[in-house]
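Take a look at the structure set out below.
The values are calculated or read from the model by the stated rules, or taken from the named source; none is laboratory data. These numbers come from a predicted model, not from an experiment. Here the Cβ positions follow ideal geometry from the backbone for every residue, glycine too, while neighbour counts run over all protein chains shown. The protein model used for the area step is the full one, side chains on, heavy atoms only, and it has no ligands, DNA or RNA in it. Shrake-Rupley method; radii C 1.70, N 1.55, O 1.52, S 1.80 Å.
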Amino acid sequence: MTITTEVCVVGGGPGGRALALALVRLGRRVVLLEQRTGGARAFRGESVSPDGVRLLAGLGLLERVREHAHEVHRLEIADGGARVLDVRFETFPYAYRHPVELAQPVLLSALAEAAEEGGGCTVLEPAAAVGLLRDGGSVRGVRAKTPDGVMEIRADVTVGADGRYSSVRRMSGLDHGARRTPLQRDVVWMKLPFPAAWDRRAYRVRISSGRHGLFLPSTDGTLRVGLNIPKGGLRELRSGGLGRLHARLAELAPELEREAADGIRSWSDTTLLDIFTTDVRRWSAPGVVLIGDAAHTLSPILGQGVNHALADAVALAPLLARALDAPRGGRPAALAAAVLAFQRDRVGAVRRSRGLQLRQERMFSLSAPPAAALRRTVYRALNASPALQRRVLAPAYFPGPRPEPAAAPSRTELRT
């Protein structure tokens, strides 16, 4: 079977579905492929930055997900058992000031429903891209494996929104020249009962010497914990049994002893995330373009993956829509110019987020006593200066339009 469309999006995560929705609203025809039935994605990011909230509002989705979103008011870092930084998001002079936690199945469902209402979007699920269709040197769509057999989706442009291990990136040759940088840590993710004494509206980072963990509220009422371990260190951790895992948690958050015992009863209650960043030199080739993690894999620090995927989708959609309006003979050149403009528009924001993440990773990993003391001094200086907080955190949380005046009320942010 063959389907002909204007845009084929490979990958039904937040970026791919947001792009499909934005294109449909601009009157374009889209086919979206998703490997997983029902969008089941275990331990995927739930954190949406204030700028991500702004993007959801622009897509008309904020009202759809409002009742399922959990607003976060503070970012707290404790080092060596003492709080060294307490950021209050309401002090930032933006219309959308607060991050939210939003379960990915809820977000994906809202994106899918909105796209279906607009018409023009065909979803093949489950469907996996197993090859690219080519005409000369240009990609002209994909070959997809589905429960009904192999299908061909012919398209003017194919979008790889298929994540950090992107098959579209590999099959198109855009992997060549990509630079993968392993970070010094991997993350063991788990969920615990939420401690009664903790603020449910706070992100927490706990540091002890060169070890650290992330403690994030989840929309299901649990506590999502990311325990950082040395790269490749899972075998050593598991060799000590669950007792060693509980001890690592107790070192960072001794008040969670009961929650750890109740929440982690076997290693199947955890999952490992291999932490690396990927810097893809070229995000596009004739007939194909990459977005989200496929183009620029980031680390989980400050929860940037979902937000950059949404920003990519919102930036790329109008460029593709205008290029597809070109006469048939001039369309390949118009599309080539559009995807190059897309990378120029987005690469700076991605680079700034990656730089901030890498600096934080190095800060968290300092273990020598003098270096750890310096880290605490830096965080305390940041804590004492709201202006410095805004300057340091803006690239991660507020990379969009310039801020409103500080006195302007926040009329459209999520309310508790």
So if R0 is 30 Å, what FRET efficiency would Arg258 and Glu236 give, r being the distance between their Cβ atoms, rounded to the nearest 0.05? 0.70
So, in Å, what gap is there between the alpha-carbon centers of the stretch 85-123 and the stretch 140-218? 17
Kirkwood hydrodynamic radius (C-alpha pairs) into Stokes-Einstein, the stretch 113-203, 4 °C and 1.567 mPa s, D in µm²/s: 75
Projected label distance in nm at Glu90 and Tyr165, using a 7 Å step from Cα toward the beta-carbon: 4.4
What percent do you get for the relative contact order of the chain when only Cα pairs under 8 Å and 6+ apart count? 23
I'd like the antiparallel share, as a percent to the nearest 5, of DSSP beta bridges with both residues in the chain. 70
Starting from the residue with the highest accessible area, list Ser172, Ser367 in decreasing order, probe 1.4 Å. Ser367, Ser172
Run the simple label-point estimate for Arg143 and Ala368 please: 7 Å along Cα→C-beta, distance reported in nm. 5.6
Taking the 0 to 90 degree range and rounding to the nearest ten, how far is the long axis of helix 241-252 tilted relative to the main principal axis of the chain, both from C-alpha atoms? 70
When a/c is below 1.5 the answer is rounded, else prolate if a/b is larger than b/c, else oblate, so apply that to the stretch 359-402 with a ≥ b ≥ c taken from the square roots of the Cα gyration tensor eigenvalues. oblate
Roughly what angle does helix 386-397 make with the longest principal axis of the chain, taking Cα atoms, 0 to 90 degrees, to the nearest 10? 40
Which distance in nm do the two modelled labels at Thr2 and Glu125 give, with both placed 7 Å along the Cα-to-Cβ direction? 2.8
What is the dipole size for the stretch 66-134, taken about its Cα centre, with +1 at each Lys and Arg Cβ and -1 at each Asp and Glu Cβ, in debye to the nearest 20? 260
Per 0.36 nm of contour for each residue apart, how much would the distance between His176 and Arg331 grow if the chain were fully extended, relative to their Cα-Cα spacing? 53.2 nm
Longest principal axis of the chain (C-alpha) makes with the long axis of helix 305-324 (C-alpha) an angle, in degrees to the nearest 10, of 20
Given a 1.4 Å probe, the accessible area of the chain per residue, as a whole number of Å², is 42
Relative contact order of the stretch 265-329, please, whole-number percent, based on alpha carbon pairs below 8 angstrom and at least 6 residues apart. 25
Quick one: which residues, 5+ away or cross-chain, put their amide H under 5 Å from the amide H of Leu85? H built at 1.01 Å from N. Ile77
In whole Å, largest first, the alpha carbons of the stretch 10-141 cover along the principal axes 60, 32, 30
